[in-house]
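All remarks here apply to the structure that follows.
The values are calculated or read from the model by the stated rules, or taken from the named source; none is laboratory data. It should be emphasised that the depicted structure is a prediction, and the values quoted were computed from it without experimental measurement. Cβ atoms come from the backbone with ideal geometry, glycine included; neighbour counts cover every protein chain shown.
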Amino acid sequence: MDRHATALSSVGVLIEAVGRGSQAALKRLYELESRRLYGIALRIVRRPEIAADVLQETFVQIWQNAAAFSAERGAGAAWLTGIVRFRSLDAVRKLGREVLTDDPALGDAALEPDIIDKIDAAAEAGALKRCFKLLDDQQRRCIVLAFVDGLSHSEITERIGVPLGTVKSWIRRGLLTLRRCLQS
Amino acid sequence: MIPENPDELHVLAGEYVLGVLDEAEASEIAGALASHSELRRAVMFWEEQLHPLAELAGPTTPPPGTWEAIEARIAGQALRAPAPGFWNNLALWRWSTAGLAAAAASLALWIAVAPAPGPSFVAVLRPPQQDQASWVAAADRSGLVVRAVSAAAAPNERVFELWAIVPGAARPRSLGVIPANGELKLSPLPPDLRDGVTLAISVEPLGGSPTQQPTGPVVFVGIVTAV
C-alpha cells in the first residue's frame, strides 16, 4: 500500500501509482473523480443503479489497466472520461434506451442558450469553448446530445425530429469546423 | 473501410468518439485501431479535445457502498502487473500480437466494443514484491505462449508449473508444467483465460503438482491484461 498516494492530487500521477499496484491511489482517485464520472454515467444511462454498476466497472477497468496507461501518458482525466463513457454507452446498448428512460426532458439541456458558458471554464476547456462558438446552434446541439447524453445518430433524429441525413451532416460539419479550429 | 483522406478520417474518428456510429461501424474502427496509427491519433485527439464537454453532465455523488463494492471486486486481483517503465520495453513486445502502445492509446475503446480481431492478452510475471520481469505471456485466439525473459531454471529436481487464478474461482487451475527450455505453448487458448486473471508459477516436484493444487512456493505472478 502506497501511503504517499493519499497525499497526491494529480489524476495522471494517481493513475500511474495505481499502475504500480497502489490501492490507496485508486481510493484517492475515487475520492477525486467519482462524482464527476458518476455524473457522466448517470446522464447517459439515466438510472442510478445502472450508473453505479457502470462506475464500478470503470474503476475495476482502471485498476486492471492503469499500468498500460503510463506508457502513452495521455491526459489522465480524458482517459477516465473515455472509459466511463464507453462503459455507459455499452450499458445503454445492452439494456436498450427505452428500458432506461421514459424521461420526456431527455436531452433538453442541449437546448439551453447558455450552454457555451456551462462548458467548464477550466484552462483545458479554453480552446474547446472558443471553437464551440464557431458552430451553429444545430451542430452544437447534436454534438452535445451525442457526447453528453450518449445518443446515437438515429436517437438524435427521433429526438429533434429532422431526417437522419441532416443530423449526420450537422455532426459532420460540426466536427470539421471544430477540428480546424482546435488544430489552429 | 477506413478513409485515407485526413478530413474523412477525422470525421469518422470524431463520430466514433461521440458514440453515434452503429455497432458494425464502431467495431470496424475498434478493430483497425491497433494497426492504424493515424486513426489512433485521430481518436486520441477527439478524446482529449472533447472530454471537457462531459462536464455538462454535472457531478453527482454515487450511491453509498459503491467504493466498497469496487474494493471487493478488486480484492482477488491484488497482485499487480509490472512497473510502468517496463511497458516501454518495446523489444520485449516485438513478438506479441499487438503493440502495447496501441493498447494504452485505445484502451477505453477496446473495453466496450466488439472483439473484432479476437481476444488478445498479455501478462508479465515477476517475483512477488519485486519489479524484475521474469516471464511474459501472450495469448490470442489461437493459444497461449509463456516464455522466460531471462534464463530461469527451477531448483534441482523441481519444475515450474503454471497456474491460472480466475477472479471468484475457489482455487487455481493448472495450465501445465513449463518445459526446461523455459517456453510453454498451449493451444487452443484455455477457456477461462481473460482480462483480470492472475497467472502464477510455482515450484513443484518433477512431473508437476501431485494434488492439482500448488504445493511449492509461488515464485512468479502477473495479471492478464487485454490489449
Given (1) surrounded by fewer than 19 Cβ atoms within 10 Å (Cβ to Cβ); (2) touching a helix residue (DSSP H, G or I) at 6+ places or on another chain (Cβ under 6 Å); (3) at pLDDT 55 or above; (4) closer than 30 Å to A:Ile143 by Cα, B:Phe45 misses just (2)
Pairing a residue in the stretch B:158-173 that is in a loop (DSSP other than H, G, I, E, B) with any residue that is hydroxyl-bearing (Ser, Thr, Tyr), where Cβ atoms lie under 9 Å and the two sit 6 or more apart in sequence or on different chains, gives B:Val166/B:Thr198; B:Pro167/B:Thr198; B:Pro172/B:Thr198; B:Pro172/B:Ser202
The condition of being modelled with pLDDT of 90 or more, more than 20 Å from B:Gly196 (Cβ to Cβ) and aliphatic (A, V, I, L, M) holds, among A:Val11, A:Val45, A:Val92, only for A:Val45
Note on the stretch A:29-80: residues under 18 Å from A:Gly150 (Cα atoms), more than 7 Å from chain B (Cβ to nearest Cβ) and not acidic (Asp, Glu) are A:Leu37, A:Ala41, A:Ile44, A:Val45, A:Arg46, A:Arg47, A:Ile50, A:Ala51, A:Val54, A:Thr58, A:Leu80
Those residues of the stretch A:14-28 which are surrounded by fewer than 23 Cβ atoms within 10 Å (Cβ to Cβ), closer than 15 Å to B:Ala72 by Cα and facing another protein chain (nearest Cβ under 9 Å) amount to A:Gln23, A:Lys27
A:Asp149 meets each of (1) under 19 Å from B:Glu55 (Cβ atoms); (2) at pLDDT 80 or above; (3) part of a helix (DSSP H, G or I); (4) not small (Gly, Ala, Ser) with one exception, condition (3)
In the stretch A:35-48, anything surrounded by fewer than 23 Cβ atoms within 10 Å (Cβ to Cβ) and either of a type outside the set (A, V, I, L, M) or touching a residue at least 24 places away in the same chain (Cβ under 8 Å) (or both) is listed as A:Arg35, A:Arg36, A:Gly39, A:Arg43, A:Arg46, A:Arg47, A:Pro48
Within the stretch B:15-53, restricting to residues that are more than 24 Å from A:Glu33 (Cα to Cα) and not in a helix (DSSP H, G or I), the one that is nearest to the other protein chains (Cβ to nearest Cβ) is B:Val20
The lone condition B:Ala226 fails out of (1) closer than 25 Å to A:Ala68 by Cα; (2) crowded, with 16+ Cβ neighbours inside 10 Å; (3) at pLDDT 85 or above; (4) of a type outside the set (Asp, Glu) is (3)
Within the stretch B:170-227, the count of residues that are among the charged types (D, E, K, R) and either outside the structural domain of B:Arg141 (by TED's automatic domain parsing) or in contact with a Leu (Cβ under 9 Å, 6 or more places away or on another chain) (or both) comes to 1
